[in-house]
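**Q** Below is the structure I would like to discuss, written out as structure tokens.
None of the figures in this text is laboratory data; all of them are computed from the coordinates on show. Just so we're clear, the structure is a prediction, and the values are computed from it rather than from any experiment. As a convention, Cβ positions derive from the backbone with ideal geometry for all residues, glycine included, and neighbour counts pool all protein chains shown.
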Amino acid sequence: MNIRIYRKIEIIFAFFMKIFTSFSVLLLAFIIFFIVKESFELFQSISICKFIFSDTWRPTSEPFEVGILPMILGSLYVSMLSMVISLPISVGISIFLNIILTKSMRKLMRVIVDLMAGIPSVVYGFWGLLVIVKFFEDKLSFCTGESVLAAGLLLSIMIIPYIVAACDESVKKILDNYKNTSMALGVSKWHMVRYLILPSCLRAVFLASILGFGRALGETMAVMMVIGNSPIYPKLLGRAQTIPGLIALEMGGAEVGSIHYHGLFASGFILMFILFIINAAFYYIRKNYIDDRY
């Protein structure tokens with residue numbers, strides 16, 4: 001009797017899971033369709049190449065000019081800078097948690113790292129504005145602390161928890177498999193890290209890079225608060241603007257159905273397309289070069 005009840009529960013659970021999964025897929029498809037539909041209203045008035053490669057953003061002027069090349073470069077610049085800073089730190093934290101700390105301390109530190117991921121973006125933004133930007137202005141005598149460098153530093157702190165979460169389990173699994181054998185052979189911890197752990201967790205690091213880069217590319221509020229929001233070509237110590245920042249700043253003031261409105265949706269479409277291309281490239285490299293090697 002109990003087996004029949006469990007079987008019915010299993011069938012009902014599977015049925016609802018299929019419904020929820022189908023709903024999620026349909027919702028995603030609807031969002032993509034809506035963004036594409038609103039974007040192509042703009043591309044009837046201007047070519048997509050001109051929109052991408054033009055560097056002037058004046059959607060409310062007559063005649064209008066809508067080009068997002070500086071914002072595309074700003075988004076990529078900040079995201080790549082944050083990855084360059086955060087990736088080695090995150091891998092180091094993962095190794096530190098598993099090799100140096102005791103089991104109880106590891107659990108405590110993992111809780112702290114996970115809590116960092118739950119801090120709202122606006123809180124990070126306020127901290128970056130009051131600490132990083134002020135430090136650049138007061139201590140380093142920059143004419144303005146709002147810059148690509150400030151955004152990259154802040155964003156690197158924000159994405160560390162995501163990369164650590166992706167790398168930590170891989171490092172732990174490698175240690176569980178090889179730690180006792182390595183210790184029995186008299187291999188030092190740092191030799192094990194260099195010649196065993198790092199090569200073996202390369203695949204996990206690569207996947208963490210995909211996750212971290214996607215998170216960095218889509219970040220809005222915190223970056224917007226410290227980057228300066230100037231639609232110009234980005235420089236490390238200069239102001240810039242990202243596509244998410246552009247959309248967040250101007251969508252509230254854009255008239256529905258206007259060139260400005262459709263231009264912002266088209267910016268979101270381009271951001272989504274860039275993220276898709278980058279993720280596809282990452283997965284191609286992983287499949288053809290990382291998985292085959294390790």
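**Q** Could you list which residues have their amide H under 5 Å from that of ARG58, counting only those 5 or more apart in sequence or on another chain, with H placed in the peptide plane?
**A** Distant-sequence amide H within range of ARG58: GLU65, VAL66, GLY67.
**Q** Just from the alpha-carbon atoms, what are the Rg and Dmax of the chain in angstroms?
**A** When restricted to Cα atoms, the chain yields Rg and Dmax of 23.3, 77 Å.
**Q** Still on this structure, please answer the following. Using the count of nearby Cβ atoms within 10 Å as a rough guide to exposure, how do MET192, MET183, MET71, MET272 rank from fewest to most? Write down the numbers at each step before the final one.
**A** Working: MET192 21, MET183 12, MET71 25, MET272 17.
Taking fewest neighbouring Cβ atoms as first place, the list is MET183, MET272, MET192, MET71.
**Q** Kindly put SER121, SER75 in sequence by how many other C-beta atoms sit within 10 Å of each C-beta, fewest to most. Provide the component values of the computation, followed by the final result.
**A** On the way: SER121 17, SER75 29.
Ascending number of Cβ neighbours within 10 Å: SER121, SER75.
**Q** By how many degrees, 0 to 90 and rounded to 10, does the Cα axis of helix 148-184 deviate from the longest principal axis of the chain?
**A** The angle comes out near 20 degrees.
**Q** Here's a follow-up. Distance from the Cα centre of segment 165-234 to that of segment 50-120, in angstrom?
**A** Centre-to-centre distance over Cα atoms comes out at 14 Å.
**Q** What is the calculated FRET efficiency for LYS173 to ARG7, with r their C-beta to C-beta distance and R₀ = 35 Å, to the nearest 0.05?
**A** Details: r = 34 Å, r/R0 = 0.98.
The pair LYS173/ARG7 has a calculated efficiency of 0.55.
**Q** Also: Based only on other Cβ atoms within 10 Å, what is the fewest-to-most ordering of ILE9, ILE85, ILE227, ILE3?
**A** Ascending number of Cβ neighbours within 10 Å: ILE3, ILE9, ILE85, ILE227.
**Q** Would you mind working out the magnitude of the charge dipole of segment 1-143 relative to its Cα centre, with +1 at each Lys and Arg C-beta and -1 at each Asp and Glu C-beta, to the nearest 20 Debye? Could the numbers behind the result be given before it?
**A** Details: 13 positive and 9 negative charges, 229 e Å.
With Lys and Arg at +1 and Asp and Glu at -1, about 1100 debye.
**Q** Could you state the angle between the C-alpha long axis of helix 69-95 and the longest principal axis of the C-alpha atoms of the chain, as a value from 0 to 90 degrees rounded to the nearest 10?
**A** 10
**Q** Along the charge dipole of the chain, pointing to its positive end and built from +1/-1 on Cβ of Lys, Arg, Asp and Glu, which listed residue (LEU207, PRO120, VAL223) has its Cα farthest out?
**A** LEU207
**Q** For helix 202-218, report the angle its Cα long axis makes with the longest principal axis of the Cα atoms of the chain; keep it between 0 and 90° and round to the nearest 10°.
**A** That works out to roughly 30 degrees.
**Q** So what is the calculated 222 nm ellipticity per residue for the chain, using -39500 (n - 2.57) for each DSSP H run with n of 4 or more, over all residues, to the nearest 500 deg cm²/dmol?
**A** That comes out to -23000 deg cm²/dmol.
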